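Asker: Sharing a structure here in structure tokens format.
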Amino acid sequence: MEQILKVLGPSFLTLKEFGFAYGMQGILLCRNFEKMWFEHCITKSKYNIFYLPSNTINSNVKNLIDIGLNNVPFGIANIDNVKNIWNKSINLEKNVQHRIAKITTVYESDDAIGSVKDLFYKKQRERKSWWRQISENPSIYHIREGEQKRGEEHIEIEAQFPFGNIVVEKIHFKKNASAILPGISKTSNLRIVEHITSLDWACLTILCDGYIEIEGSKELQIHPQLSPYKAYCKANISPEDDDIVKEDLNDLTLYVIELLREKGVESVIMNNVKKPEVFRVPYIITVNNESLKSGLVKLVCQRTLCGETVHITDMAQRMYNLCV
């Protein structure tokens, strides 16, 4: 694991004694992962999920009850910094600070017909499936055998690597909803299912999952939506090109990047960068002399090594469709 992070460099992630230290690309990776989690777990939820700061949950639950928005199922989401033991198998300080994203779902259960844990089992399947969808190696994600105590049940979703396993998510079933969210009747059949993701441990897992070595080349292949930068544009300059052509090609790369950024596609200008391989983008756009005449540029996917020719006026929309 440490070797992978060393190869990727400090611009992604470095493990310190106190926890996670992000570089310029790692910060964007974490931001993109949080955005993807938020969209899937909150924005696209089939029922109401209310995003609240942890210190205002109790008062806001009372407001939900007062205005009648407490029809079950409903959920409370919050993102917080915590300091606890998350992965016992990874050799870091015992209480490492990391950022978690949690959703607490309240639902009604009929104990008499044995459906008390239906949502708990459903969440396990849904969350494991989601992790596999965003993974380069879906088979590494497994549900660890759960534990039960005092009417509660807890399971963990982990990614299995040769160097050890990393827990990415924890799911809890709790019978006593009123103990978690004051204001809920103690005599009701309302239950709680919580699923908690560590955003920092998730980013570490994504980097280890996407790291591959092919024919001596060390690459990073991750989901385009998670990639810190989606593309860069480079000019294919020939030795016989004069200064005017070189300048025109460089200007064209800047124009392509401008179009991508206007569309909301994270991209980076690479004209004077000495080590472009540091920016492990999923797509590379190449312009040449022919591009100046026809407006056609080459788009190559680093994950599949497949290329296509796209007109410069269509490039931003094409990249948006691929990555955003």
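Asker: May I ask you to say which residue of Asp314, Asp248 is at pLDDT 90 or above and closer than 28 Å to Met36 by Cα?
Answerer: When all the criteria are applied, what remains is Asp314.
Asker: Residue under question is Val278, and the condition is that it be of a type in the set (Val, Ile, Thr) and modelled with pLDDT of 95 or more; does it hold?
Answerer: Taking the combined requirement at face value, the residue does not satisfy it.
Asker: Further question on the same structure: Please determine whether any residue of the range 43-50 is buried (at least 18 other Cβ atoms within 10 Å of the Cβ), under 20 Å from Glu169 (Cβ atoms) and more than 18 Å from the chain's Cα centre (by Cα).
Answerer: yes
Asker: Quickly run through the range 58-106 and pick out the residues that are more than 17 Å from Leu199 (Cα to Cα) and in a strand (DSSP E or B).
Answerer: Residues satisfying the conditions are Phe74, Gly75, Ile76, Thr105, Val106.
Asker: Take the residues of the range 272-296 that are crowded, with 17+ Cβ neighbours inside 10 Å and touching a residue at least 60 places away in the same chain (Cβ under 8 Å): which is farthest from Ile214 (Cα to Cα)?
Answerer: Only one residue tops the list, namely Phe279.
Asker: Further question: Return the pairs, sorted by first residue and then second, in which the second residue is of a type in the set (Phe, Trp, Tyr) and part of a helix (DSSP H, G or I), the first residue lies in the range 258-271 and is closer than 17 Å to Arg318 by Cα and touching a residue at least 12 places away in the same chain (Cβ under 8 Å), the beta carbons are less than 9 Å apart, and the residues are 6+ apart or on different chains.
Answerer: Leu260/Tyr320; Lys263/Tyr320; Gly264/Tyr320; Val265/Tyr320
Asker: All but one of (1) assigned to a strand (DSSP E or B); (2) of a type in the set (Ser, Thr, Tyr); (3) surrounded by fewer than 16 Cβ atoms within 10 Å (Cβ to Cβ) hold for Tyr232; which doesn't?
Answerer: It is condition (3) that Tyr232 fails.
The values are calculated or read from the model by the stated rules, or taken from the named source; none is laboratory data. Because the structure is a prediction, the values reported are computed rather than measured. Here Cβ is always computed from backbone atoms with ideal geometry, including for glycine, and neighbour counts include all displayed protein chains.
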